[in-house]
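For reference, the structure discussed in these notes is given below.
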Amino acid sequence: MDSRQDSSARFHVLTQDEAETLELIADRIFPRTDTPGAVEIGAINYIDVALAGDYAPLVPLYRQGIRAVNRYARSKFGRTFSSLNDELKDAVLVAFEAGSIAEFKNAAEFFETARCHVLEGIFGEPQYGGNKDMIGWRLVDFPGQQFGYADAYVNQRVDLEPVAVDSRKIEENKS
């Protein structure tokens, strides 16, 4: 994925190998289709920023989980997770989701934590490191942090450009 080359120097907590494996996991959770996927939207950057801050207690779970994904892929398929095709990557992740990895008792917890954090990185407030250019919001037509809505938008689809909390600060600094 092209984003790995840009992102290599920016990680605070994750190593490059951990980030690459996590990108592959995120790509299976929310893949790129005709719209950007989790990696392009910045979910991995969000997770790294969160692990450097409020989610710091989860760093051991991530490190152990990512190692366990690669160990399981090698033991089950004889290859690293990164060298598996999408079908085999899904098989690994299904086993983690089910918690059926005997060698890693926290497999289901790791998968659910990573899944939730990937979705937070896609749909959360951009100021926390994900949802690059508010792409996640645009995918679901979420208008962001509007000050209010005209009556015309009550119980209707909102066709306003998304606005992030920090985008007001950016505009103020330009003035």
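Bear in mind that the values in this text are calculations on the coordinates, not laboratory data. Just so it is clear, the model here is predicted, and its values are computed rather than measured. Don't worry about glycine lacking a Cβ; one is built from the backbone with ideal geometry, like all the others, and counts go over all protein chains shown.
Going residue by residue through segment 119-127, is there one that turns out to be in contact with a Leu (Cβ under 9 Å, 6 or more places away or on another chain) and either assigned to a helix (DSSP H, G or I) or touching a residue at least 12 places away in the same chain (Cβ under 8 Å) (or both)? Within segment 119-127, one or more residues are in contact with a Leu (Cβ under 9 Å, 6 or more places away or on another chain) and either assigned to a helix (DSSP H, G or I) or touching a residue at least 12 places away in the same chain (Cβ under 8 Å) (or both). Here the condition is being surrounded by fewer than 19 Cβ atoms within 10 Å (Cβ to Cβ) and under 27 Å from V140 (Cα atoms); of R67, R79, R32, R63, it holds for R32 alone.
Before we move on, is F110 hydrophobic (A, V, I, L, M, F, W, C), in a helix (DSSP H, G or I) and over 14 Å from L24 (Cβ atoms)? For F110, the condition - hydrophobic (A, V, I, L, M, F, W, C), in a helix (DSSP H, G or I) and over 14 Å from L24 (Cβ atoms) - is met.
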